Each structure stands twice: as structure tokens, then as C-alpha cells.
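Report on the following structure.
The values are calculated or read from the model by the stated rules, or taken from the named source; none is laboratory data. The structure presented is a predicted model; accordingly, all values stated were derived computationally and were not measured. Cβ: placed from backbone, ideal geometry, glycine included. Neighbour counts: every protein chain shown.
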Ligand SMILES: [Zn+2]
């Protein structure tokens, strides 16, 4: 199980996938929703919405 590179929180699959989307696909450092929000100066709600959008678009990183 991967942990957030910043706060050490255990990560959900969606958080790993959205990190790959927002940072880059080959990244080996993953972040939780809260740390991603801080990093990109958006709200946690925005991160959740992005996850939903990518899922709705059928992005292959988000295997359900
Ligand atoms: Zn974190």
C-alpha cells in the first residue's frame, strides 16, 4: 500500500490515480487529496470533483 509522500496517510487507489493525472504518469511520489489540494492551490472538493470527472470520462488510470 502506498502512502502520501507529504503526510504519510495511506492512499486510496483514486488518490494514486489523480496524482498521476495532476503531477505526471511516471511519478513515484503520490499524495493524498488534502496534500494535492495544497500543492495545486485548489480545494479538496476540487480534487474530488476532478477524480469524478476523470472517472466519468473513463480514464484508464481509474480502474473501478
Ligand atoms: Zn497527504
Of all residues in the range 29-63 being closer than 13 Å to residue 16 by Cα and exposed (fewer than 14 other Cβ atoms within 10 Å of the Cβ), which is nearest to the ligand (Cβ to nearest atom)?
29
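In the range 3-26, which residues are surrounded by 14 or more Cβ atoms within 10 Å (Cβ to Cβ) and more than 11 Å from the ligand (Cβ to nearest atom)?
The first filter runs over the range 3-26 and keeps only residues surrounded by 14 or more Cβ atoms within 10 Å (Cβ to Cβ), leaving 4-6, 9, 11-12, 14-23.
Residues satisfying the conditions are 12, 14, 16, 17, 18, 20, 21, 22, 23.
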Residue in the range 6-18 that is modelled with pLDDT under 95 and over 9 Å from the mean Cα position of the chain (by Cα) present
no
Just to check your reading of the model, which residue among 28, 45 is part of a helix (DSSP H, G or I) and farther than 12 Å from residue 14 by Cα?
45
Tell me whether the range 54-64 contains one or more residues that are free of Cβ contacts under 8 Å to residues at least 40 places away in the same chain and under 10 Å from the mean Cα position of the chain (by Cα).
no
